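Data block below; observations after.
Each value in this text was obtained by applying a stated rule to the coordinates, not by laboratory testing. What you see is a predicted model; the values in this text were computed from it and never measured. With ideal geometry, Cβ positions are generated from the backbone for all residues, glycine too; neighbour counts draw on all protein chains shown.
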Amino acid sequence: MADYDAVVALEELLVDGLGDDAVDGHDVGGGIMNLFIWTPDPRGTFSRVQTLMKGHSLSPSVVAGFRDEGAEEYTPLWPPELKRFELL
């Protein structure tokens, strides 16, 4: 429950920082938490996300990637050494 509360709090933080139309919800299950953000600028938006998340309890475990609309494959964003990103 604490993890779920943390992801909801993080989602609220991102909604406040990025705007309602950018944050598109979350899912939680199997020890994995996903937050979904619609943006035309994934790298720029993720830079803003990192600033907003600074000091958040989930920050150290963040893995990020993006997929262009209509694409099947994700592009890894974070951490820098990440070679592949997929939703689990």
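Values for this structure:
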item	result
Principal axis box of the chain, alpha-carbon based, largest edge first, Å	33, 28, 22
Expected 222 nm ellipticity per residue - DSSP helices of 4 or more, -39500 (n - 2.57), all of the chain, to 500	-10500 deg cm²/dmol
Radius 14 Å from Cβ of Asp3, net charge of other residues (Lys, Arg +1; Asp, Glu -1)	-3
Modelled FRET efficiency - R0 30 Å, Asp16 with Glu86, Cβ distances, 0.05 increments	0.60
Neighbourhood net charge (13 Å Cβ-Cβ; Lys/Arg +1, Asp/Glu -1) for Asn34	-4
Highest-MSF residue in the chain out of Pro76, Pro42, Pro60 [GNM, Cα springs under 10 Å]	Pro60
Listed residue (Phe36, Trp78, Phe66) projecting farthest to the positive dipole end of segment 2-78, Cβ model	Trp78
Highest-MSF residue in the chain out of Gly65, Gly25, Gly44 [GNM, Cα springs under 10 Å]	Gly44
Charge context of Leu58, other residues only, Cβ under 14 angstrom, K/R +1, D/E -1	-3
Per-residue Cβ neighbour rank within 10 angstrom, fewest leading, Lys54, Lys83	Lys83, Lys54
20 °C / 1.002 mPa s Stokes-Einstein diffusion coefficient of segment 36-87, Kirkwood radius on C-alpha pairs, µm²/s	182
